[in-house]
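One structure below.
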């Protein structure tokens, strides 16, 4: 394979390995019909899944929360890593989706069906790299999602609509806010704001996803002595913050420099955001330098 050639994305459909373009999901799969499914997304650096322990533990939590049984998550992790090796992937993305299974369409849980397991590995081009240096513009959008955002289900229509509304304004992402006037998170990343050298972010609970990257940011803040607080941010106070940034599996840490055309702070990546971004990249570098050790942390839900 030439240096610039793109590796073919590979998928596993109920244990059968096929090119992703040939992967098929049955029409009566409950994930397709009802969004009765959960998912995970992991980043692969140099052939290794980053923060894998946290991601697979969250997958177990999501499965339990919507009462999908019969999935061997430890075995699934081994199968994912085997597919990464089989395809020779270095910089890649892993997508995992598990539905309740395939059955005639009816709302109640069907008896006696097996979960439908699907995952794929595809090469990843890091298009966010320059944005970590320049920062991004975002938009405020109402949080119309369901009441259990802490479960990573495929029920993402609220996220999709909010992100598209933001894209229609030329924004990179959307900050979501509830009817009670509090900011929650973003459509597919976590939200953080800085005031008087303290980082603020929404507390864990049903309103936000228990982000693995968010957990890492808390750990990094502790290591570098950066104060961070889990407390809801009132929408009315948002523009009074000095810095803002978003965090996620593929985004890593990206500064936010404007909201709906209004400048955040000085309109450029702030000191604390930049320092935390550097700590994040250093963490990845140290993890890559220790291939036989798990230095990614053991994050809680």
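All of the numbers you see were taken from the coordinates with simple rules; none came from a lab. Everything numeric here is computed off the predicted structure, so don't read it as measured data. Please note: Cβ atoms are built from the backbone with ideal geometry, for glycine as well, and neighbour counts cover all protein chains shown.
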Next item on the list: Let me know the shape class of the range 129-288, please: from the alpha-carbon gyration tensor, a ≥ b ≥ c as square roots of the eigenvalues, rounded when a/c is under 1.5, otherwise prolate if a/b is greater than b/c, or oblate.
Entry: rounded
Next item on the list: Just grab the label-to-label distance for residue 75 and residue 48, each label 7 Å out from Cα along the Cβ direction, in nm (one decimal).
Entry: 2.7 nm
Item checked: 17 Å reach of a label modelled at residue 111, 7 Å along Cα-to-Cβ, counting backbone N of the range 57-77 -> 69
Check: Could you list, bin by bin from short to long, the percent of Cα-Cα pairs of the range 20-59 in 10 Å steps?
Finding: 24, 33, 36, 8
Check: Is the range 16-98 rounded, prolate or oblate when judged by the Cα gyration tensor, a ≥ b ≥ c being the square roots of its eigenvalues, rounded requiring a/c under 1.5 and prolate requiring a/b larger than b/c?
Finding: oblate
Note to self: Below 8 Å between Cα atoms, with a sequence gap of 6+, how large is the relative contact order for the chain in percent?
What the structure shows: 18 percent
Notebook entry, point to check: Hey, in the GNM for the chain with a 10 angstrom Cα cutoff, which one of 275, 205, 112 fluctuates hardest?
Noted result: 112
Notebook entry, point to check: Based on the alpha-carbon gyration tensor of the range 87-138 and its eigenvalue square roots a ≥ b ≥ c, which shape applies: rounded if a/c is under 1.5, prolate if not and a/b is larger than b/c, or oblate?
Noted result: oblate
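Want the number for residue 65 to residue 169: 0.36 nm per residue separation, take away the alpha-carbon distance, what's left?
Roughly 33.9 nm would be gained on extension.
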Next item on the list: With r as the distance between the Cβ atoms of residue 148 and residue 196 and R0 = 51 Å, compute the FRET efficiency 1/(1 + (r/R0)^6) and round to 0.05.
Entry: 0.95
Check: What's the Cα-based Rg to Rh of the range 48-189, Rh via Kirkwood?
Finding: 1.01
Item checked: Max mean-square fluctuation residue, GNM over the chain, Cα-Cα springs under 10 Å, options 53, 27, 174 -> 27
Margin query: Using only Cα atoms and rounding to the nearest 10 degrees, what angle (0 to 90) does helix 157-168 make with the longest principal axis of the chain?
Written below: 50 degrees
Notebook entry, point to check: Taking Cα pairs under 8 Å and at least six residues apart, what relative contact order does the range 10-123 come out at, in percent?
Noted result: 38 percent
Checklist line | Mean separation of Cα contacts under 8 Å, 6 or more apart, over the residue count of the range 112-241: relative contact order % | finding: 22 percent
Check: Along the Cα-to-Cβ line of residue 8, 7 Å from the Cα, sits a label point; which residues in the range 87-103 have backbone N less than 12 Å from it?
Finding: 87
Notebook entry, point to check: Using a basic spin-label model with each label point 7 Å from the Cα along Cα→Cβ, how many nm lie between residue 133 and residue 224?
Noted result: 1.9 nm
Next item on the list: Using a Förster distance of 35 angstrom, determine the FRET efficiency expected from the C-beta separation of residue 235 and residue 17, and round it to 0.05.
Entry: 0.15
Notebook entry, point to check: Using a Gaussian network model of the chain with C-alpha springs under 10 Å, which one of 82, 111, 35 is most mobile by mean-square fluctuation?
Noted result: 111
Notebook entry, point to check: Going by alpha carbons, how many degrees (0 to 90, nearest 10) lie between the helix axis of 52-65 and the longest principal axis of the chain?
Noted result: 70 degrees
Check: Hey, what angle do you get for helix 73-87 against the long axis of the chain, alpha-carbon based, 0 to 90 degrees rounded to 10?
Finding: 90 degrees
